[in-house]
Amino acid sequence: MNSIDPRVNRLPIVEIVKPKAPLDQFGTYEVFVEPKPGKPFQHEGAVHAPNLEMAYILAKETFTRRFTCSSLYVVDTRDVFVSPLTEGDQNVFDLIEESESANGTSDFEIYQLSKRGKQHVFLGSVKASTPQEAIAIAKTKLNTGKMVYNIWAIEANKIRFTTEEEKEYWITLPEKKFRDASNYKGGDKLKQFLEKVKA
Amino acid sequence: MNNQALKELLYKMADDQLILGHRNSEWTGMGPLLEEDIAFSSMAQDKIGQSLALYTLLQELGERDPDTVAFTRNANQFHNCQLVELPNQEYDFSLIRHFLFDTAEALRFEMLSESSYEPLAQLARKIRGELRYHTLHANTWIKQLGTATPESIDRLQKSLENALPFALGIFEHSPHEQELISSNIFLGEETLKKRWKEKVESVISQTDLTLPDWILVEPTFGGRIGEHTAHLQPLLDEMSEVFKIDPTAEW
């Protein structure tokens, strides 16, 4: 699958799950943010890092230094399994076939892309033995019939979550208005200045 | 409560945060990785914010306003430890300083969250999460580079040895040490130093770095009484350059 979005080309597709190849540079880690308690996690982007824990500390400031955040998690890009990507009126769930169950099950987080060009948003969790099966189960359990263009399945035990105690990282964040350009009201100040000059 | 003792404590803490915040901000745009550049700059900004909160407490105790205090004093009127004013050097030194200082800072505020001076205790509780991230960031980097390659281990080891005498200077005694302890404002520098050593030892023991015998490390004192290295005044000149063009300007 070729895409002009480099993230898409970087991701493995479900049909070709392979062992991780060693990298000759820092790999990427996908970053998911819960903007407020109760809101679904959504994909925000990626960071480069040598390992999962480093990715977590780098993602925290790269993606949550402004606005609000209540929780964050990161996962190795190679642990995100993606379905085919569809366009137009093709719902990706209609392309998903049943998948055979292997031994053992684990929890998978399922993400959906419901509008091209937007972020992947958390859809729900399922128990499955493989990412392929997780997506097949998502089709029967989480599919609402609404248009979905792409599905991601991420095994929960591969994720570096934010612990309950760590949620205090963001307590003072709403006060850091100085990080938001609109807080400086540059336009208003310019307008005042120009009026003063005119008068 | 003794105001002199309290003010001395607040000044040295605020000056540490301001000077290190400024130093660390010198990495902005030049960090080793884009993501790290952002993280280190954000934490520098947090430090300046924490210094503002402390200068504001000082203002409530009758001192001048925070901008005046921050931008119009000379080096010999600053009470920061010398560790925070040293030049950034290479990133290994900046990281080691960040680790050594922020470990002490987080423990100091943890102790102060029980302070009998309630405004300070409130501030300590409020910024606990920020400091928690700062120490996670520092510990993760030290564990990463402290076990990575012979070069990274060697660089961190040398920086650690250079920084340790200055780091012990954080705990220079105040003339009011006993008053702070007996009035339950602060448990004192000796208690802090003991907890700091334990924490530093526990992180370093998870790496290939080694700590020298503490007895052999001669602390560098003087910062708390206004004795500084030649590096502080140029920093202050640069930091206050814009402010001094027009001290009454509104930004």
Between the range A:75-141 and the range B:160-217, what is the C-alpha centre distance in whole Å? 51
Amide H partners (placed H, <5 Å) of A:SER71, local residues excluded: A:GLU34
Kirkwood Rh over alpha-carbon pairs of the range B:86-128, then Stokes-Einstein at 4 °C and 1.567 mPa s: what D in µm² s⁻¹, rounded to an integer? 113
Using amide H atoms built in the peptide plane, which far-off residues or other-chain residues are under 5 Å from A:GLU44 H to H? A:VAL31, A:PHE32, A:VAL33
For the protein assembly as shown, what is the calculated [θ] at 222 nm in deg cm²/dmol (nearest 500), taking -39500 (n - 2.57) for each run of four or more DSSP H residues and dividing by its residue count? -14500 deg cm²/dmol
For the range A:152-167, 3J(HN,Hα) per residue [Karplus equation, 6.51 cos²θ - 1.76 cosθ + 1.60, θ = phi - 60°, Hz, x = Gly/Pro]: 10, 10, 10, 5, 4, 6, 9, 8, 8, 7, 8, 6, 4, 5, 6, 5
Cα-derived Rg over Rh, computed across the range A:21-168 with Rh taken as Kirkwood radius: 0.97
Take the Cα of B:ASN184, step 7 Å along the line toward its Cβ, and report every residue of the range B:102-118 whose backbone nitrogen sits under 11 Å from that point. B:114-118
Expressed as a whole percent, how much of the Cα-Cα distance distribution for the range A:134-199 exceeds 16 Å? 74
Calculated from backbone phi, Karplus (6.51, -1.76, 1.60) coupling profile of the range A:137-145 in Hz, x at Gly/Pro: 5, 4, 4, 7, 9, 10, 6, 9, x
Sites B:GLU114 and A:GLU98 - FRET efficiency at Förster radius 60 Å, r taken between beta-carbons, to 0.05: 0.50
Here the averaged projected area of the range B:154-230, based on the convex hull of its alpha-carbon atoms and given in nm², is 6.3
Residue pairs, from the table B:LYS47/B:LYS126; A:LYS127/A:LYS158; A:LYS36/A:LYS139; A:LYS176/B:LYS126, whose Cα atoms sit over 18 Å apart: A:LYS36/A:LYS139
How large is the Kirkwood hydrodynamic radius of the range B:3-245, counting all unique pairs of alpha carbons, in Å? 18.2
For the range B:1-118, diffusion coefficient by Stokes-Einstein and Kirkwood Rh (Cα), 25 °C, 0.890 mPa s, µm²/s: 163
Interchain or sequence-distant (5+) residues whose placed amide H lies within less than 5 Å of the amide H of A:THR28 are A:THR77
Whole-number D in µm² s⁻¹ for the protein assembly as shown, Kirkwood Cα-pair radius fed into Stokes-Einstein, 37 °C, 0.692 mPa s: 133
Dimensionless Rg/Rh of the range B:1-68, both radii on Cα and Rh by Kirkwood, sits at 1.13
Please state the Cα pair-distance histogram of the range A:34-117 with 10 angstrom bins from zero: what percent is in each bin? 12, 36, 33, 18, 1
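Every number here is computed from the coordinates shown, using simple stated rules; none is lab data. Keep in mind the model is a prediction, meaning the values are calculated, not measured. Quick reminder, even Gly has a Cβ in these numbers, built from the backbone with ideal geometry, and neighbours come from all protein chains shown.
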